[in-house]
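Heads up: the structure comes next, in structure tokens.
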Amino acid sequence: TAIKIFPTDVFRFDFSRLNFPINYIFFDPPYRFWNEYIEEVLSFFKKAVQNFPESQLVIEYPSQFIWRESIPWKPVYPLDSRKKTNVPEINLFRRR
């Protein structure tokens, strides 16, 4: 087995060209993205589930962020159980 890491700009990388399964996608954009670029973030979630339906998504996001839109991923469990203001939340998601 091999581990391959792609530190990349997920908004520009063409994931469809990969010809092997992706097990985990780690998504930790700058916090301003959650407000300024939310449409791009939601679009990425939709593309990722289409290209990698068996993947698990690990997301770090601001604790004050409210999921207003449905995404094609469901939370499995929090990887960090701290519930404090202005502390990042880290959750593991799987395809709905």
Inset, instruction - Determine the pairs where a residue that is free of Cβ contacts under 8 Å to residues at least 40 places away in the same chain, located within segment 42-64, has a partner that is exposed (fewer than 15 other Cβ atoms within 10 Å of the Cβ) and part of a loop (DSSP other than H, G, I, E, B) with Cβ atoms under 6 Å apart, the partner being 6 or more residues away or on another chain. - result: 42/69; 60/28; 63/87
Inset, instruction - Look through 2, 48 and report the one residue that is in a helix (DSSP H, G or I) and of a type in the set (Gly, Ala, Ser). - result: 48
Legend entry - Test for residue 87: is it at pLDDT below 80 and either of a type in the set (A, V, I, L, M, F, W, C) or under 10 Å from the mean Cα position of the chain (by Cα) (or both): yes
Inset, instruction - Take the residues in segment 1-28 that are in contact with a helix residue (DSSP H, G or I) (Cβ under 7 Å, 6 or more places away or on another chain) and not hydroxyl-bearing (Ser, Thr, Tyr), then tell me which one is modelled with the highest pLDDT. - result: 25
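From the list 41, 76, which residue is modelled with pLDDT of 85 or more, among the hydrophobic types (A, V, I, L, M, F, W, C) and either within 12 Å of the chain's Cα centre (by Cα) or under 29 Å from residue 2 (Cβ atoms) (or both)?
On the way: 76 fails: modelled with pLDDT of 85 or more.
Going through 41, 76 in turn, the sole match is 41.
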Legend entry - Members of segment 9-37 that are more than 20 Å from residue 51 (Cα to Cα) and either open to solvent by 100 Å² or more (accessible area, probe 1.4 Å) or not in a loop (DSSP other than H, G, I, E, B) (or both): 32, 33, 34, 35, 36
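For segment 53-72, which residues satisfy the criterion of being assigned to a loop (DSSP other than H, G, I, E, B) and open to solvent by less than 20 Å² (accessible area, probe 1.4 Å)? Working first, answer last.
From segment 53-72, those assigned to a loop (DSSP other than H, G, I, E, B) are 53-55, 63-72; that's our starting set.
Within segment 53-72, 55, 71 meet the criteria.
The values are calculated or read from the model by the stated rules, or taken from the named source; none is laboratory data. Please read all numbers here as calculations on a predicted model, not as lab measurements. Heads up, the Cβs are rebuilt from the backbone with ideal geometry, glycines too, and the neighbour counts pull from every protein chain shown. Ligands, DNA and RNA are stripped out before the accessible areas are found, and what is left, the full protein with its side chains, is counted by its heavy atoms. Shrake-Rupley method; radii C 1.70, N 1.55, O 1.52, S 1.80 Å.
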